[in-house]
Amino acid sequence: MINHHLPSPEPLHRAIARFGGVTVLVVGDFILDRFVSGVIERISPEAPIPVLHGRGEMLAMGGAGNVVSNIVSLGAAAIPVSVIGADKAGDDLMRMLGELGAETSGLSQQRDRMTSSKSRFSALNQQVLRFDEEEVKSLNAAERSTLVEHFRTALARADIVILSDYGKGMLLDGVAGELISICREAGKPVLVDPKGRDYARYAGATAVTPNRKELGEAVGRAVFADDEIVAATRELISAHGFDFVVATRSEKGMSVVEPDDARHIATQAREVFDVSGAGDTVIATFALALAAGADRVQAATIANAAGGVVVGKRGTARLTVEELTGALFRSHGPVAHKDAILDAAAAARMVAAWKEEGLTVGFTNGCFDILHAGHVSLLHAARSQCDRLVLGLNSDASVRRLKGPGRPVNDQHDRACVLAALASVDAVVVFEEDTPLALIEALLPDILVKGADYTIDKVVGADVVQKAGGRVVLVDLVAGKSTTGTIGRMRATN
């Protein structure tokens, strides 16, 4: 079966919310990336070549290091395990990992090994030269023993494993297979970002994540169309015992292929500045989502959105939770109906993503016990003032404290579901306190909306919103009613 159906957005956001509890063990080739920027204004008198006047330099972690960087940036924990050189590039990598907060005890520095480094020279954001310093060689017996020992120690604390193979030697000569066997014995999933044509070295892995070009090289023929991707990936599954394959397909998105199912996830069209490290971001995000409880298609959808963000950045890029949530919002739209019911932490991430998109976020609150036309009019008027509206809903216990033991008539779940189904409401957050002050402080909406039966000094959170540069909007009421009445005009205060 081939399916193009997109998963519901709600489980995607729930998985992202659990990233903070995930630990990923990353093994592979750690590379130092150096970015030198400058301007070209003349040709050298020594030879017909341009002269680059350096204007700045930046260091970043590439290869498996970029995988670690993305994992940490997304709020999870990473344990890097590898062998690098006892040289300047190796020292830089150790320092940068330490600054990230990643554990470095699993990295072994050896004097007879060179740390791979890549220097990219750019003028006016156009790369003009790449200079590589590296030596490709397998681990010797002592290095391999140390690596495996560090791997076994770290595996007990890891939820999932990534093997990041950049072909520099870490995973050659059966090392990948040995680590995969250890993972299988421990019952830990292991994902491989592969290199080269021979995938037999990764036999038994949970999944491999080749791009379209790598997939074609692995099966010895070009692959483009959906059915060609499916045939090629199933060939690898059959030959090497993978549970599934995730194929990244550039502008065509991603494909998740199992022996009896195939799903194709379309990508978002956007301007591409640089693809450096996009595969690292994809496998890091996929692993996090899988470990956080997402199924394979949900994890691939999240990873696909992540890849779409980083190709729009220059250099070896990493990703934040806010950028990822924003990308999912662009591709899936707002969460809908019951999926719009969020806890405070998820709502804060959603609001941050909306703001990142340049959208204005409004907030209103209430008990909304028996929903009627007055409520609906209030919410419609509130939504007209902003791009996205978050509704803070008093919990059952809060309503009882405010209105007495006979209330609410409808419990918080039913109230939240009905409100979330309204077109004017983009997210519902239940709060336990008597007032929404803590929630307003967490969300910092651009606009705070209340009925005109309030005055500014009585609106909870008004000072918080105004201090942050936002506005308070009071809705004028008619017929002498409170917020249960029909809505007239609105007035805003700064």
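Values in this text are rule-based calculations from the coordinates and carry no lab data. No experiment lies behind these values; they were computed from the predicted model shown. Positions of Cβ are backbone-derived with ideal geometry, glycine not excepted, and every protein chain shown enters the neighbour counts.
Laid out as a table, the results:
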| item | result |
| --- | --- |
| Shape call, segment 113-202: gyration tensor on alpha carbons, a/c limit 1.5 | prolate |
| Using θ = phi - 60° and Karplus 6.51 cos²θ - 1.76 cosθ + 1.60, couplings along segment 71-87 (whole Hz; Gly, Pro as x) | 4, 5, 4, 8, x, 9, 9, 10, 10, x, 9, 5, 10, 10, x, 8, 9 |
| Karplus 3J(HN,Hα) series, Hz, for segment 235-247 with 6.51 cos²θ - 1.76 cosθ + 1.60 (x for Gly, Pro) | 4, 5, 4, 5, 6, 10, x, 6, 5, 7, 10, 10, 9 |
| Helix axis angle, 278-291 relative to the chain longest principal axis, alpha carbon, degrees | 60 degrees |
| Share, in percent, of DSSP beta bridges within segment 1-157 that are antiparallel, nearest 5 | 55 percent |
| When each of Lys137/Lys188; Lys88/Lys188; Lys118/Lys252; Lys88/Lys118; Lys403/Lys458 is checked by Cα-Cα distance, pairs over 23 Å | Lys137/Lys188; Lys88/Lys188; Lys118/Lys252 |
| Environment charge at Val321 (Cβ cut-off 12 Å; Lys +1, Arg +1, Asp -1, Glu -1) | 0 |
| Of all DSSP beta bridges in segment 67-154, antiparallel share, percent nearest 5 | 65 percent |
| Sum of -39500 (n - 2.57) over DSSP H runs of 4+, divided by residues of the chain (222 nm, nearest 500) | -11000 deg cm²/dmol |
| The chain: angle of helix 141-155 to the longest principal axis, Cα-based, in degrees nearest 10 | 20 degrees |
| Sequence ranges 406-418, 249-261, 66-78, ranked by mean other-Cβ count within 10 angstrom, highest first | 66-78, 249-261, 406-418 |
| Amide hydrogen neighbours beyond the local backbone of Gln110, cut-off 5 Å, H modeled | Ile84, Gly85, Ala86 |
| Rounded to 5, percent antiparallel among DSSP beta bridges of the chain | 40 percent |
| Degrees separating the helix 373-383 axis from the principal Cα axis of the chain, which is the longest one | 40 degrees |
| Radius of gyration, Dmax [segment 186-238; alpha carbons; angstrom] | 11.2, 37 |
| Equivalent ellipsoid semi-axes - Cα gyration tensor, segment 28-131, angstrom | 32, 16, 9 |
| Karplus-derived HN-Hα couplings along segment 411-423 (A = 6.51, B = -1.76, C = 1.60, θ = phi - 60°), whole Hz, x at Gly and Pro | 6, 5, 5, 5, 4, 5, 5, 5, 5, 5, 7, 6, 5 |
| Contact order normalised by residue count of the chain, Cα under 8 Å, 6+ apart, percent | 12 percent |
| Cα-based reach from Lys450 at 15 Å (exclusive), listing aspartates and glutamates while leaving out same-chain residues under 8 positions away | Asp463, Asp476 |
| Cut-off under 5 Å, modelled amide H: who pairs with Ile341 long-range | Val428 |
| Cβ-Cβ FRET estimate between Val409 and Ala266, R0 fixed at 41 Å, reported to 0.05 | 0.40 |
